[in-house]
1. Please work out the FRET efficiency for the pair residue 77 and residue 37, using the Cβ-Cβ distance as r and a Förster radius of 30 Å; give the result to the nearest 0.05.
2. Please give the FRET efficiency for residue 101 paired with residue 121, using the beta carbon to beta carbon distance and R0 = 25 Å, rounded to the nearest 0.05.
3. Out of all DSSP beta bridges with both ends in segment 48-128, state the antiparallel percent to the nearest 5.
Amino acid sequence: MRQHLRPKTYTKIYISSFLICLAATNLCACFLIAAREADEKHHAQMVNVMDNAHVFITPDDIPKGKPYKVLGDLKYTEPFSTDVIDSAKIEVRLKAMALEKYHGEADAVIKANVDVDASGENAIVTGEVIQFETSADRELMHKMWEGMIVSPK
């Protein structure tokens, strides 16, 4: 004996199939959005790493013949401790400050210096943020992290 499906049963099957397809589509869309957000986050991290890598910190001035413009001064004060005068920590903080204040323009922080105030309780860290005027010098600094230092004429 053959059973025939009634029209209501067909409707239920179509609605069920439609809901399953809709759920699968939404699930795929969620995965694609999550993957895109992860790619964007990774890209932002890489840009940050590259920015940090190219900013040069030095207690000296730039050699003559390398024209630059001063973007501004950096200064911060902290209670005196061995951490405050740690050169690696100073470099990290000056780079972060330079990139926050002059993002996309800062090439170096020159004349980086640590002083202790008259009371001996606080350390004062200063430096000048610069941008090279010539594109060749800017390119040199941006490629420094790759180990590709070439002296342009």
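The numbers here are math on the coordinates, done by the rules we state, and not lab data. No experiment lies behind these values; they were computed from the predicted model shown. We place every Cβ from the backbone using ideal geometry, glycine too, and count neighbours over all the protein chains shown.
1. The value I calculate is 0.20.
2. 0.40
3. For segment 48-128, the DSSP antiparallel bridge percentage is about 85.
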